[in-house]
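Structure record follows, encoded as structure tokens.
Computed from the coordinates by the stated procedures, all read-outs in this text should not be read as laboratory data. Owing to the predicted nature of the structure, the values given are computational and were not obtained by experimental measurement. Here Cβ is always computed from backbone atoms with ideal geometry, including for glycine, and neighbour counts include all displayed protein chains.
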Amino acid sequence: MLVLAARQFARVSSSQPQPPTIWQLDEEDCTVRRLTIDPCPMRRARVGDWSVFVSEQLIRELTAQRAVKLPNETGGILIGECDTARRRIYLVGSIAAPPDSVEWPTHYIRGSRGLQRKVDEVTKRTDGMLRYVGEWHSHPDGTPCRPSADDDKAYAWLAEHLRAEGYPPVMGDRWRGWLAVLRSGRAG
């Protein structure tokens, strides 16, 4: 392992820019795997006293999910992390609408079939670094982006459950520029 570390240090110390690398040791067979990370640019928005960072890859993914479902609304859950000390929210992934979701042109109800298992897989795979942080759903073209009465009820439920864990509620509904609607007046 020291030889690998020395080689990596020499490579990183060179004048050539290098992508970030993670070395992963498989303790069962003592093999080492090299994972090269291609960092994705992030967009930042100030919402109240919070900074919301959204990966551009996530924006592309949600835009594609929306396009496939038009003229219906669609949605899912947001994956990321909240840094409460710095008042930052990082949105890096999503889990698409489960198969039991209801998607109509002016209405969306997120289902739950298989969702908890998928969230648990993400949390386990990232060793707790990423988790459920909120909800998103689309609106069709030409409709206002204002929250509906149902959106307000969903937000209240979300706020109650996430605040119990010490996190602010994140709910997104239109994907222009930045992603999350974190209602600063209600963001704990």
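Examine the range 78-90 for a residue that is of a type in the set (Gly, Ala, Ser), in contact with a helix residue (DSSP H, G or I) (Cβ under 6 Å, 6 or more places away or on another chain) and surrounded by 20 or more Cβ atoms within 10 Å (Cβ to Cβ), and state whether such a residue exists.
Checking the range 78-90: not a single residue is of a type in the set (Gly, Ala, Ser), in contact with a helix residue (DSSP H, G or I) (Cβ under 6 Å, 6 or more places away or on another chain) and surrounded by 20 or more Cβ atoms within 10 Å (Cβ to Cβ).
Quick grid of which residues meet (1) assigned to a loop (DSSP other than H, G, I, E, B); (2) over 23 Å from PHE53 (Cβ atoms); (3) touching a residue at least 40 places away in the same chain (Cβ under 8 Å); (4) out of contact with any Phe, Trp or Tyr (no Cβ under 8 Å at 6 or more places or on another chain):
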position: LEU91; (1), (2), (3), (4): no, no, yes, no
position: ILE95; (1), (2), (3), (4): no, no, no, yes
position: LYS124; (1), (2), (3), (4): no, yes, no, yes
position: MET129; (1), (2), (3), (4): yes, no, yes, yes
position: CYS145; (1), (2), (3), (4): yes, no, no, yes
position: LEU158; (1), (2), (3), (4): no, no, no, yes
position: HIS161; (1), (2), (3), (4): no, no, no, yes
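Going by the structure shown, is ALA64 among the hydrophobic types (A, V, I, L, M, F, W, C) and either assigned to a strand (DSSP E or B) or surrounded by 15 or more Cβ atoms within 10 Å (Cβ to Cβ) (or both)?
Spelling it out, it is not the case that ALA64 is among the hydrophobic types (A, V, I, L, M, F, W, C) and either assigned to a strand (DSSP E or B) or surrounded by 15 or more Cβ atoms within 10 Å (Cβ to Cβ) (or both).
Any idea which of ASP49, ASP26 is loosely packed, with under 12 Cβ neighbours inside 10 Å and in contact (Cβ under 8 Å) with a residue 24 or more places away in the chain?
Unique residue meeting the criteria: ASP49.
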